[in-house]
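Asks: Next up is a structure, given as structure tokens.
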Amino acid sequence: MKINPLLKQYITESILKSTLRFPSRLNLPPTVLRVALEQLSKVFPQPKNVAFKALRIAGIRAEEIKPQPETTQLIFHIHGGAFFLGSMNTHRAFMSEIALRTQMQVLHLDYPLSPEQCFPDVGEAIYDVYRMLLDQGVLTKDIIVSGDSCGANLALGLALRLRDEDPKLLPSGLMLMSPFLDLTLTSESLRYNQKHDALLSIEVLETGMSHYVPKGIDRSDPALSPIFADLKGLPPTLVQIGSKEILMDDAKRFEEKAKAAGVKVEYKLYTGMWHNFQMFSAWFDEAKQALADIAEFAHKLDRN
């Protein structure tokens, strides 16, 4: 029996608000929320026809997902979770879908979460993994760095550091999904979308920052809030955002500033979608389209 798309969306948003957004606003220990999120992530169907391999790179646990035995193109993904949630388990189904859609291998990390580790140690760990890949012979032209939510923050921060160190170290492209780029929380959409975003709340962002940002550090520092960085010299970048996201203006502001700096940006806005909607491709056409757009962008980089 087919469910009316609007009814299906209403039901999904109601479930997400009651099972994820509301509990995450409570003052619960990070370990409790992490376990709950991993349990809830089991509802995402795990695609078949992909192979998994556990790795440890630069001391960080990682997982390689391959849709075919021979593939040189690599999507280096940094998961979201407001700096204190998320794991390879929560994102495995999503990353498997991306691997299948792009026919590229995906590498995603169990990077250190806060408060166990905070800024700048988290970024250092991710940087060390990237440099280790290069030391192992992976070519920068074969790497696309991607991230969702706070993972997009870390992905952009990584790219900016590589650019400043040596532009030759930059990957072929960036993919920023539902990016959280302004830790000062000055984007207007945080207010006008706070009742509409089914997944993410301002309280969760504030909790995450309290774990991630050491006391006394200015949150407008570009190393923390890359929206305030000089964006010149970045590789081609795909930005995806939903119209109901509290972070919508983070994405829009990045697009405007990056284009003004001469960066090739593809900005995609998906009507009626909430934070990290791409993970719901099993049920929503907008999420399926987002994955198709990711594949198109990745293939375009590969051809170039």
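Asks: Is there a residue being more than 18 Å from residue 159 (Cα to Cα) and under 16 Å from the mean Cα position of the chain (by Cα) anywhere in the stretch 226-238?
Replies: No, the stretch 226-238 contains no residue that is more than 18 Å from residue 159 (Cα to Cα) and under 16 Å from the mean Cα position of the chain (by Cα).
Asks: Let me ask something else about it. Out of all the residues in the stretch 258-281, which are of a type in the set (Gly, Ala, Ser), closer than 21 Å to residue 183 by Cα and in a loop (DSSP other than H, G, I, E, B)?
Replies: Taking the stretch 258-281 and keeping what is of a type in the set (Gly, Ala, Ser), we get 258, 260-262, 272, 281.
If we keep only those that are closer than 21 Å to residue 183 by Cα too, we end up with 258.
Of everything in the stretch 258-281, nothing turns out to be of a type in the set (Gly, Ala, Ser), closer than 21 Å to residue 183 by Cα and in a loop (DSSP other than H, G, I, E, B).
Asks: For the stretch 200-213, which residues satisfy the criterion of being in a loop (DSSP other than H, G, I, E, B), modelled with pLDDT under 95 and surrounded by fewer than 24 Cβ atoms within 10 Å (Cβ to Cβ)? Quick ask: steps written out before the conclusion?
Replies: In the first step, residues of the stretch 200-213 are kept if they are in a loop (DSSP other than H, G, I, E, B); the result is 200-201, 213.
Subset that is modelled with pLDDT under 95: 200-201.
Across the stretch 200-213, the qualifying residue is only 201.
Here is a yes/no grid of residues against (1) assigned to a strand (DSSP E or B); (2) exposed (fewer than 12 other Cβ atoms within 10 Å of the Cβ); (3) at pLDDT below 80:
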{"residue": "14", "(1), (2), (3)": "no, yes, yes"}
{"residue": "21", "(1), (2), (3)": "no, no, yes"}
{"residue": "31", "(1), (2), (3)": "no, yes, no"}
{"residue": "37", "(1), (2), (3)": "no, no, yes"}
{"residue": "41", "(1), (2), (3)": "no, no, no"}
{"residue": "49", "(1), (2), (3)": "no, yes, no"}
{"residue": "63", "(1), (2), (3)": "yes, no, no"}
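Asks: Determine which single condition residue 38 fails, assuming it passes every other condition in (1) in contact (Cβ under 8 Å) with a residue 60 or more places away in the chain; (2) among the charged types (D, E, K, R); (3) under 24 Å from residue 202 (Cα atoms).
Replies: (1)
Asks: Next question. Has the stretch 234-257 got any residue that is surrounded by fewer than 17 Cβ atoms within 10 Å (Cβ to Cβ), assigned to a loop (DSSP other than H, G, I, E, B) and either in contact with a helix residue (DSSP H, G or I) (Cβ under 9 Å, 6 or more places away or on another chain) or in contact (Cβ under 8 Å) with a residue 60 or more places away in the chain (or both)?
Replies: No: the stretch 234-257 contains no residue that is surrounded by fewer than 17 Cβ atoms within 10 Å (Cβ to Cβ), assigned to a loop (DSSP other than H, G, I, E, B) and either in contact with a helix residue (DSSP H, G or I) (Cβ under 9 Å, 6 or more places away or on another chain) or in contact (Cβ under 8 Å) with a residue 60 or more places away in the chain (or both).
The values are calculated or read from the model by the stated rules, or taken from the named source; none is laboratory data. Predicted, not measured: the structure shown is a model, and the values here were computed from it. Every residue, glycine as well, gets a Cβ built from its backbone with ideal geometry; the counts of neighbours run over all protein chains shown.
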